[in-house]
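The values are calculated or read from the model by the stated rules, or taken from the named source; none is laboratory data. Since the structure is predicted, the reported quantities are computational estimates derived from the model, not experimental observations. Cβ atoms come from the backbone with ideal geometry, glycine included; neighbour counts cover every protein chain shown. Heavy atoms of the whole protein, side chains included, go into the accessibility calculation; ligands, DNA and RNA do not. Shrake-Rupley method; radii C 1.70, N 1.55, O 1.52, S 1.80 Å.
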Amino acid sequence: MDRLLGSPEFTDLWTMRLADLLLISGKRGSERASATYHEWLRGHVAADTGWDHLARELLTAEGPVQDVGPASFALLANDPRDLAEHAASIFLGTRIGCARCHAHPADRWTRTDYHQFAAFFARIQRDNGRVTIASRGEVEDPHSGRALPPRALGERVSIASEGDRRLALAQWTTDPANPRFAHAFVNRVWKHLLGRGLVEPVDDLRPTNPATHPELLDMLARDFAGNGFHLRALVRAIVTSETYQRTSRPIPANARDDRLLSHAFLKSPDGRVLLDMISQATGVRETFADQPDVAAAVQLVGSQTPSPALDILGRCSRETSCDATAIAGGGLAQSLHLINGSTVNGRLQRGNLPRWIASSGSAGELLDTLYLHTVSRPPSAAERAAWEPRLSGANRADIAADLFWALLNAREFTFNH
Amino acid sequence: MPHPPERCDGIRRREFLRLGALAPLGLTCADLFRLQAQSPAPATGSGKPPAPARACILLWLDGGPSHLDTFDPKPDAPVEVRSPFKSIPTTVAGVHLCEHLPRTARQMSHIALIRSLTHELGNHDTGSRFLLTGHRPTPALDHPSLGSVVAWHQRRSTHVLPPYIAIPGDAVGGQSNAARAGFLPGAFNAFGTGANPGSVPDLHLPEGITFERSDQRREMLARLDAFADLPETDLAVRNRDAFYDQAYRLIASPEARAAFSLDAEKPATRDAYGRSRLGTGCLLARRLIEAGSRFVTVVDHGWDTHQQIARELPDSRFPGSGKLPSLDRAYATLLTDLHDRGLLDSTLVVLMGEFGRTPKLNALGGRDHWPRAGFVALAGGGVRGGQVIGATNGFGEVPVDRPVSPEDLAWSLLTRMGINPATEVTTPTGRPVRLLNQGTFIRELLG
């Protein structure tokens with residue numbers, strides 16, 4: 001467990017997840033600014049910095065985006081209202097967009113709540129790639145045209161309009177007394193690990209959309225906030241639970257359960273993870289035209305790197321929220337690609353397989369190697385009985401290539417179960 | 001506090017209460033999807049409408065085609081409004097089009113031309129979403145595109161060809177998801193043919209792999225899946241298996257694969273459609289419809305003409321360079337070809353983009369976004385051709401007669417496709433919504 005949590009792969013994967021959340025696309029600001037932003041994020045994930053610390057930096061950063069990573073957060077949108085919607089979604093798991101035009105139909109937010117929340121972002125300036133705070137700039141009430149003082153969601157009292165309004169917002173957001181902040185993060189991590197959030201959609205936390213297991217969400221969020229908002233401790237708490245370790249095999253009585261955690265749900269890996277899995281199993285890494293030094297798709301900085309494989313297998317565009325995940329079970333184009341395309345077929349004649357065929361003494365040895373590198377377990381007796389004779393006959397290289405292909409297409413490989 | 005009669009995304013009060021009442025049961029967060037359609041009541045009206053269209057080809061002019069320089073010329077307007085192009089008569093008396101659409105002008109008897117399409121969303125993404133989904137876009141609910149709705153309506157069909165295909169793909173309206181499945185399951189997204197229509201990637205077996213060998217691989221895969229014995233009840237597993245089955249049906253069907261290829265087409269036919277992307281796309285669309293697909297969108301980018309209309313739209317630099325001649329060739333040939341093959345009556349052909357463009361030419365000789373007035377050309381699928389529906393004022397600024405909204409258009413399209421737009425579906429969060437909230441069938445189309 002400690003080895004996995006401390007591994008660079010853990011850091012890569014969660015940097016990618018958080019970069020998805022923060023929409024680090026590489027399209028806003030310069031290439032260098034994105035690289036700085038990504039590097040900043042990766043450094044903090046590696047160091048297991050508290051999520052509250054990251055949030056405060058993101059919400060309050062100033063300076064040239066080329067040098068100050070979190071300053072790029074302010075480039076998500078120029079309009080304070082748009083940026084407020086991003087912030088509410090990212091940090092609070094809350095959709096306030098409806099309240100821009102009228103009282104939110106399913107939540108408590110009014111138009112005034114919305115515009116006062118947006119007022120926190122009214123004075124950000126973005127000139128020549130530098131984020132600064134101006135002494136003026138307001139969000140107006142759409143009815144009266146009156147400038148509104150900033151006020152946090154659900155609070156009664158407005159705060160002073162002078163100075164950098166974002167400081168108060170960052171304080172309020174990350175205050176352990178604000179349950180939404182921890183709830184939103186914990187719920188997203190839960191979804192990543194178990195395939196479904198305790199609240200779905202994960203960006204729509206509200207009283208009228210309760211968690212499937214509210215006490216569990218509360219407890220995890222309290223622990224998370226009480227222990228410094230550290231990702232690794234949260235992941236450890238979840239993955240060592242009996243719930244996480246449940247089998248994905250249902251019994252007749254719970255086969256229809258899709259949310260109560262009676263058994264584990266199968267998860268389709270993100271397209272980037274799937275591509276890395278195939279690269280790793282075959283020993284043929286993917287090369288990305290504009291980032292030759294990147295060894296794995298999960299390490300890509302932005303979302304714009306040209307990649308025909310990722311276009312088909314899927315990745316977060318980071319244009320808008322990727323909280324609503326991709327197609328469960330892939331799509332027709334993905335199936336065609338995994339069956340006929342170069343991502344699998346282009347990796348069977350080079351890399352690991354020719355080496356394994358040359359170095360394996362017996363069919364059984366080759367079979368073990370194929371299984372261990374794909375489904376991470378040795379074959380069962382039945383599987384051994386099915387495949388060994390075929391691998392012992394003539395045409396061993398072709399049979400091995402076909403079986404390797406089949407393992408890379410198999411449900412057991414392409415689902416996290 | 002008074003609240004508006006319609007809330008976010010038009011949830012009415014009663015639905016709102018329902019939504020609240022379902023929450024304690026956890027039904028607001030359904031993840032695995034159950035779409036419960038109430039079977040559509042057939043639209044009743046006076047007279048007997050023609051049989052529904054079997055298929056739809058949508059030519060999407062991405063970026064917003066200028067109505068004044070194409071289908072709604074104003075030759076008598078002042079020079080700052082008037083198109084740099086002349087207008088020409090068509091085969092229908094009194095109807096004129098831009099001089100760069102001569103072939104289209106000869107097909108006017110097939111076309112019902114709406115000149116009064118109007119809305120107020122002047123961004124590419126919002127405008128595209130409005131036109132392609134029939135819903136005013138809202139962050140609250142991601143409505144499916146019309147193509148996805150048609151595919152969903154066909155969900156029990158096991159036809160080999162995907163029901164909804166996009167050429168080259170479903171990227172429209174900047175970064176919008178206007179042509180995608182929205183809240184419907186991903187299976188109802190368009191199948192994209194890729195940037196090189198006529199050679200769809202991954203439809204053919206990899207080099208050196210025979211059908212026998214592919215069968216052997218598939219048999220091995222089936223055995224591995226049986227050994228692993230993952231729960232078949234899981235939605236992701238069922239989806240994935242369905243996609244693999246569909247993929248293998250496509251791979252195994254020479255007819256289906258041939259439908260994606262232009263090899264069988266005579267060079268003369270290819271020339272008639274034009275070798276442009278749009279021409280190739282239209283020819284491919286005809287083949288796919290013929291082979292059984294239900295909704296094919298052909299996307300043509302580059303209509304966001306903020307400058308140099310006089311130079312960019314016609315073939316002024318070299319033959320084949322202009323948007324208008326390639327549109328004219330592709331569109332008119334598609335209509336004649338469908339007609340000659342007896343397919344036009346059963347195939348609705350829709351030509352449109354997200355909005356029209358500013359009546360006044362700007363300083364760069366271009367026009368900017370103008371959602372208040374635009375055009376849609378409909379043909380085939382039982383639509384009565386040879387007519388113009390609605391009109392704009394003398395400057396092409398606003399409809400002065402018979403305004404048509406994107407909702408009306410979507411309503412008419414689905415109705416013509418034999419789908420009742422009032423059909424109720426349940427979103428993943430358990431909310432019942434109608435395929436379309438509002439809209440009125442454009443009567444003149446059948447008149």
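Annotations
- Counting only protein heavy atoms and a probe of 1.4 Å, the accessible surface of chain A is 52% carbon and sulfur.
- Extended-chain gain in nm, criterion 0.36 nm per residue less alpha-carbon gap, A:Arg130 and A:Asp82: 15.4 nm
- Under the convention that each Lys and Arg Cβ holds +1 and each Asp and Glu Cβ holds -1, the size of the dipole of chain B around its Cα centre is about 760 debye.
- Shape call, the protein assembly as shown: gyration tensor on alpha carbons, a/c limit 1.5: oblate
- For the chain pair A and B, the buried solvent-accessible surface (1.4 Å probe, both sides summed) amounts to about 5300 Å².
- Simple spin-label estimate for A:Ser342 and B:Asn196 gives 1.0 nm between the two label positions (7 Å along the Cα-to-Cβ direction from each Cα).
- Positive-pole candidate from B:Pro185, A:Leu220, A:Thr320, dipole of the protein assembly as shown, charges at beta carbon: B:Pro185
- Accessible area, probe 1.4 Å, largest first, for residues B:Asp328, B:Asp229: B:Asp229, B:Asp328
- Summed residue charge, Cβ within 10 Å of A:Gly364's Cβ, Lys/Arg positive, Asp/Glu negative: -2
- Mean ellipticity per residue at 222 nm, deg cm²/dmol - from DSSP H runs of n ≥ 4 across chain A, formula -39500 (n - 2.57): -14000 deg cm²/dmol
- FRET efficiency, 1/(1 + (r/R0)^6) with R0 41 Å, evaluated for A:Ala289 and A:Ala177 via beta carbons: 0.25
- Estimated FRET transfer efficiency (A:Leu4, A:Arg108; beta-carbon r; R0 35 Å; 0.05): 0.30
- With R₀ fixed at 56 Å, the C-beta to C-beta distance from B:Thr91 to A:Ala381 puts the FRET efficiency at about 0.15.
- Per residue solvent-accessible surface (Å²) - chain A, probe of 1.4 Å: 41
- With all protein chains modelled, accessible area of B:Leu335 [1.4 Å, Å²]: 0
- Where Cα atoms sit under 28 Å apart: lysine pairs in the protein assembly as shown separated by 8 or more or lying on different chains: 9
- Positive dipole terminus of the range A:50-174, leading residue within A:Ser144, A:Val68, A:Leu169 (C-beta point charges): A:Ser144
- Taking Lys and Arg as +1 and Asp and Glu as -1, the other residues whose beta-carbon sits under 12 Å from that of A:Met1 total +2.
- Three-way shape label, the range B:164-294, alpha-carbon gyration tensor, a/c 1.5: oblate
- Nearest-20 debye value, the protein assembly as shown charge dipole, Cβ charges on Lys, Arg, Asp, Glu: 1340
- Cα gyration tensor shape of the range B:204-258, rounded if a/c is under 1.5, else prolate or oblate by comparing a/b with b/c: oblate
- Electrostatic dipole magnitude of the range B:204-258 [Cβ: Lys, Arg +1; Asp, Glu -1; Cα centre; debye, to 20]: 140
- The order of A:Met277, B:Met417 by accessible area, most exposed first and with a 1.4 Å probe, is A:Met277, B:Met417.
- Nitroxide proxy distance, nm - points 7 Å out along Cα→Cβ at B:Glu255 and B:Glu120: 5.1
- Signed unit charges on C-beta, dipole axis of the protein assembly as shown, positive-most listed residue B:Phe318, A:Ser248, A:Leu367: B:Phe318
- A:Tyr244 accessible area, 1.4 Å probe, all protein chains in place, Å² to nearest 10: 80
- Nitroxide proxy distance, nm - points 7 Å out along Cα→Cβ at A:Ala397 and B:Val79: 7.6
- Net +/- balance of residues flanking B:Thr104 in space, Cβ distance below 12 Å, scoring K and R +1, D and E -1: +1
- Full extension of the chain between A:Arg249 and A:Leu216 yields a length gain of 9.6 nm, computed as 0.36 nm times the residue separation minus the alpha carbon distance.
- The eigenvalues of the Cα gyration tensor, multiplied by 5 and square-rooted, give the range A:50-174 an equivalent ellipsoid with semi-axes of 23, 16, 13 Å from largest to smallest.
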